[in-house]
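Student: Handing you a structure now.
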Amino acid sequence: MKKFIAVVCILFALHVAHAQSIDKIINATEVKRIEQILSADDMQGRRAFTPGIEKASTFIESEFKKTGLQTFNGAANYRQDFFMYQANTEAATIFIDGKKIDDSLVAIFSYQPEVLLTEKNDVEIVTIKAGESFGQKFYQSYQSKKNLLVLVDTSFRKSIKNIQLIDKISAEQATNTIVFVWGSTSATTFSLTIKNSVQKKALNNVVGMLPGKSKPDEYVIFSGHYDHLGVGSPAEGVPHKATDSIYNGANDDAAGTTAVLMLANYFKKLNNNERTIIFTTFVAEELGGFGSKYFSKQLVPEKVMAMFNIEMIGTESKWGRNSAYITGFEKTNMGEILQQNLKGSSFTFYADPYPEQQLFYRSDNATLARLGVPAHTISTSKMDNEPNYHTAGDEIGTLDMDNMAAIIKSIAVSSSSIISGKDTPSRVDAKQLK
């Protein structure tokens, strides 16, 4: 009995020591330090292709260096550079059935310097009718590789400005052209004459890693995106209790980036990861997930055992503090593993309560998930009622630092058996994904 009691005392002492150790590394003070820098006004909202995003990247790189991470695949630094094409329409003349269409009723997505299309070319006509889901049909058209003339019913007139203000960004200098026209219901004859200025611009993810001790070729990824919306515009929401027009993005997603930096520091100090851990902050999530798409191409999907994408954990979830949800919970058993590792604690991971929002497909986990990787996003954002989402009100004063620290600690603890190689989540059935 004395021996049993002694063992229990030792285990209890180790548990207390571990709790004290993690609290020294992951705490509200450190959360606030990083958040204050990333969401500061001088970052100017961290919009892609601006000085603000460059400043944010430099800060993240300095944190990775201070932590002592290795670069990814022997790179010279933590920057994972890639290029995008940005197009601006300089002039456009659109005729439908002999009638010239006013520029205010047109939105153009085209990446060639000059375009001339008529009904005699290979152009498909698509209609978005009254009563249909505009968002769904817009994205179907927007993602098409064909030349499209999309005729939009006047009932969707309020959407014009939002669509016109979407950044014309492409991973390749696409050869197709997509033109949206509001008000026309049919087109027998048409001509689309467009002149664009096209620039090739650089962006970068920030990536560091901790090599695994016994399973270096098996990867676990922690990620968040460090870009946001920049300085406010009407398309990006009405500022809520904002003091200026800067979209600071404290929750979206300086919060996720903060978690990645703190987890990197924690696991580096722990120094017992059997699998290789990759820490990455993505750029251009707000423009269409281009950073994560490029990153995913640098990996063999079968070697990625799990991906913890962290987005918007700065506010309480619908269940209150000490809780978060996992998107796509039912698609693998990863959530069950995390729940089991937190058994007995005060923290709970739940399944995504907003399935109608399709959040599993809307963040940086989606690209790897489509390749079969158990890649999920962890969030607390109340997507049916998050007043500061995509507004200038998303400032550091709206965040709960203590709760953020609790969430980050719970991610660290719940991922332990995956990082050690004890548990391997089941794969996503890519064939069943939309």
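Student: Quick check: anything in the range 368-385 in a helix (DSSP H, G or I), farther than 15 Å from PHE222 by Cβ and at pLDDT 95 or above?
Tutor: The answer is yes; a qualifying residue exists.
Student: Quick one: ASP402 ticks every box in (1) buried (at least 19 other Cβ atoms within 10 Å of the Cβ); (2) in a helix (DSSP H, G or I) except a single one, so which number is it?
Tutor: ASP402 satisfies every listed condition except (1).
Student: So in the range 256-272, with the set limited to residues that are crowded, with 23+ Cβ neighbours inside 10 Å and not hydroxyl-bearing (Ser, Thr, Tyr), which one is farthest from the chain's Cα centre (by Cα)?
Tutor: PHE267
Student: Would you check if ILE396 is over 17 Å from ASN333 (Cβ atoms), surrounded by fewer than 21 Cβ atoms within 10 Å (Cβ to Cβ), at pLDDT 95 or above and in contact with a helix residue (DSSP H, G or I) (Cβ under 9 Å, 6 or more places away or on another chain)?
Tutor: Against the criterion (over 17 Å from ASN333 (Cβ atoms), surrounded by fewer than 21 Cβ atoms within 10 Å (Cβ to Cβ), at pLDDT 95 or above and in contact with a helix residue (DSSP H, G or I) (Cβ under 9 Å, 6 or more places away or on another chain)), ILE396 qualifies.
Student: Could you identify the single residue in SER104, SER133, SER110, SER155 that is surrounded by 13 or more Cβ atoms within 10 Å (Cβ to Cβ), without any contact (Cβ under 8 Å) to a residue 60 or more places away in the chain and of a type in the set (Gly, Ala, Ser)? Step through it out loud before you land on a result.
Tutor: Details: SER104 fails: surrounded by 13 or more Cβ atoms within 10 Å (Cβ to Cβ); SER133 fails: surrounded by 13 or more Cβ atoms within 10 Å (Cβ to Cβ); SER110 fails: without any contact (Cβ under 8 Å) to a residue 60 or more places away in the chain.
The match here is SER155.
Student: I've got another one for you. Part of a strand (DSSP E or B) and either at negative phi or surrounded by 22 or more Cβ atoms within 10 Å (Cβ to Cβ) (or both), is that true of ILE313?
Tutor: Criteria not met by ILE313.
Student: Can you tell me which of (1) part of a helix (DSSP H, G or I); (2) modelled with pLDDT of 95 or more; (3) under 26 Å from ASP394 (Cβ atoms) is the one GLU356 doesn't meet?
Tutor: Every listed condition holds for GLU356 apart from (2).
The values are calculated or read from the model by the stated rules, or taken from the named source; none is laboratory data. These figures come from a predicted structure and were not determined experimentally. A quick note on method: Cβ atoms are made from the backbone with ideal geometry, for glycine too, and the neighbour counts reach across all protein chains shown.
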